[in-house]
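Coordinate-derived values only; no laboratory data. Remember, it's a predicted structure, so these values are computed and weren't measured experimentally. All Cβ positions, even for glycine, are placed from backbone atoms using ideal geometry, and neighbour counts span all protein chains on display.
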Amino acid sequence: TETDKGAYPFYMLKEIDEQPVVIRQLISRYLPKDGQPQIGEGIVKDMLAADRIYIVAAGTSYHAGLVGARLFERWAGIPTEVHVSSEFAYEQPLLSEKPFFIFLSQSGETADSREVLQNINAQGFKSLTLTNVEKSTLWREATYALPLLAGPEIAVASTKAYVAQVTLQAILAYALADREALNLDLEQELSKIAIAIQGIIDDKEQLQEVAEEMLVPAHHAFYIGRGVDSAVVLEAALKLKEISYVQTEGFAAGELKHGTLALIEEDTPVIAVMTQPRLAGLVRGNLAETQARGAKTYTIVTQAIAKPEDDFVLPDINELLTPLVSVVPAQLLAYYTSLGRGLDVDHPRNLAKSVTVQ
Ligand code: G6P
């Protein structure tokens, strides 16, 4: 059944494995063959009338929002801001004239996000919740809601909900875009991505080896990237730290030299995510700076960028959709590090799946 681990040792691995299916579910629900995205006329109308989108979320959902903002800006041309709900709730920024709010929440119950939704409802603004739980609080209280269709997510560390949130935001941005000018067959691209994720999962043994050799013995670790990869590395670092307890930071690669480089020692793991051809040279430079200080480096790159010395090569896909693929090796590295340390992967200490306190 959906909530049974079956032969899997942990829910997290099962949920990582389900990611290609989740993408296919979203395609069949929201991108039927005739090409017109199916997300509801009211949503499209209200979003197109907005002068700015505000994405509000917490944790992994916030990280999915950082990717979504790029999609709304670059595909749909709508300025978009992303906010951590616990901050927005008590320090509301100056809003644009016609704001539209998107709440991202796997559970639909995060108290911090609910606080924001109540505040903006009181101000009369429109909102859309993307959640995995239909009829949840954030589902009921927003103007509109769409399901993530990821199926129950049980492991505390979120995986398939992130992929579903990025995918659904891509479909939304696509629905709002001038699709002729964008010149992208999203259905086809997402199908390619589902296959690419499957390929990574089939190749997971090499990630187990890397985790055991490089991350299990580590005290701290870094993920670096630029552009949309700077958003992915935040999620990659969160996955690793929350289930393995290896202190991990995700950094915009160019920012490393402004302080954090001082923490690099002999054998400090530094993992670079490089999917954006125009930025790869710069990230390679930043990586070399860490190597010169003794870092043990690992690279996750797309084919177009790959050099013989790179470690994990991903197929080439639309640049803004690369997070859907590049996050997967990071999820698996986190999983195998936690496993290698003998920890309870699904139930990290001090954490809850859904946080209903502020
Ligand atoms: C908790 C969970 C995280 C999740 C965050 C936001 O901290 O452990 O996995 O990303 O809440 O939850 P939400 O349900 O709003 O996406």
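The string of couplings for region 137-145 from the Karplus curve (6.51, -1.76, 1.60, θ = phi - 60°) is 4, 5, 5, 6, 8, 8, 4, 10, 8 Hz, one whole number per residue in order, with x for Gly and Pro. A cut-off of 5 Å between modelled amide H atoms, ignoring neighbours fewer than 5 places along the same chain, links R52 with K98, F100. Please identify the GluC sites (Glu not before Pro) of region 289-358 that satisfy two criteria: DSSP loop assignment and at most 15 other Cβ atoms within 10 Å. Which are they? When the GluC sites (Glu not before Pro) of region 289-358 are filtered for loop state and at most 15 Cβ neighbours within 10 Å, E309 remain. Between V355 and A7, the modelled labels are 3.7 nm apart [label points 7 Å from Cα along Cα→Cβ]. Please check: in the Gaussian network model of the chain (C-alpha springs, under 10 Å), which one of Q247, Q106, Q123 has the largest mean-square fluctuation. Its mean-square fluctuation being the largest, the pick is Q123.
Express the C-alpha Rg of region 164-232 as a ratio against the empirical globular expectation 2.2 N^0.38 Å, rounded to two decimals. Kindly include the intermediate steps, with their values, before the conclusion.
Details: Rg = 17.0 Å, N = 69, 2.2 N^0.38 = 11.0 Å.
The value comes to 1.55.
The mean sequence distance of close C-alpha pairs (under 8 Å, at least 6 residues apart), as a share of the length of the chain, puts its relative contact order at 20 percent. Does region 1-135 come out rounded, prolate or oblate by the C-alpha gyration tensor, with a ≥ b ≥ c the root eigenvalues, rounded set by a/c under 1.5 and, if not, prolate when a/b is larger than b/c and oblate if not? Oblate is the answer for region 1-135, as a/c is 1.5 or above yet b/c matches or exceeds a/b. At full extension, R52 and N121 could sit 23.2 nm farther apart than now, given 0.36 nm per residue minus the alpha carbon distance. Annotation: extensible slack from A262 through E141 equals 38.9 nm (criterion: 0.36 nm per residue apart, minus Cα-Cα distance).
With neighbour counts taken as other beta-carbon atoms within 10 Å, the residues H219, H347, H63 rank, fewest first, as H219, H347, H63. Grab the DSSP H runs of the chain that are 4 residues or longer, score each as -39,500 (n - 2.57), total them, divide by all residues and round the 222 nm result to the nearest 500 deg cm²/dmol. It lands at -13500 deg cm²/dmol. Loop-only check: which GluC sites (Glu not before Pro) in region 1-99 are DSSP coil with at most 11 other Cβ within 10 angstrom? Those that pass, being in a loop and sparsely packed, are E2, E91, E97.
Once the convex hull of the alpha carbons of region 222-358 is built, what does its volume come to per residue, in cubic angstrom?
Details: hull volume 17.6 nm³, N = 137.
Given the Cα convex hull of region 222-358, per-residue volume reads 128 Å³.
Close amide H contacts of L31 (hydrogens built in the peptide plane, cut-off under 5 Å, sequence separation of 5 or more or a different chain): Q38. GNM remark for the chain: springs join alpha carbons under 10 Å apart, and the peak mean-square fluctuation among T129, T260, T275 falls on T260.
Each of E134 and D178 was given a label point 7 Å from its Cα along the Cα-to-Cβ line. The distance between the two points is 3.7 nm.
Mean separation of Cα pairs under 8 Å and 6 or more residues apart, divided by the residue count, gives region 106-210 a relative contact order of 18 percent.
A Gaussian network model of the chain, with springs between Cα atoms under 10 Å, assigns the largest mean-square fluctuation among G199, G59, G40 to G40.
Binning at 10 angstrom from zero up to the longest distance, how are the C-alpha pair distances of region 48-109 distributed in percent? So the P(r) values, bin by bin, are 23, 54, 22, 0.
How do K160, K14, K5 rank when sorted from fewest to most other Cβ atoms within 10 Å of their own Cβ? The partial results should precede the final answer.
Values: K160 28, K14 21, K5 15.
Going from least to most buried by this count: K5, K14, K160.
With the Kirkwood sum run over all distinct C-alpha pairs, the chain has a hydrodynamic radius of 20.6 Å. Candidates V357, Q208, I300 compared by Cα position along the dipole of the chain: farthest toward the positive end lies V357, with charges placed on Cβ. Only Cα pairs under 8 Å and 6+ residues apart enter the sum, and on that basis the relative contact order of region 189-291 stands at 29 percent.
Going toward the positive end of the dipole of the chain, with +1 on Lys and Arg Cβ and -1 on Asp and Glu Cβ, which of A161, G42, T137 do you reach last? Sorting the options by dipole projection puts first G42. Distance between the 7 Å Cα→Cβ label points at S96 and Q188: 3.1 nm. Just to be sure I understand: if I project the alpha-carbon convex hull of region 12-82 onto a plane and average over all orientations, what area do I get in nm²? With every direction weighted equally, the projected area is 5.9 nm². Label zone of R278 (point 7 Å out along Cα→Cβ, amide N under 18 Å): in region 232-265 this covers 253-254.
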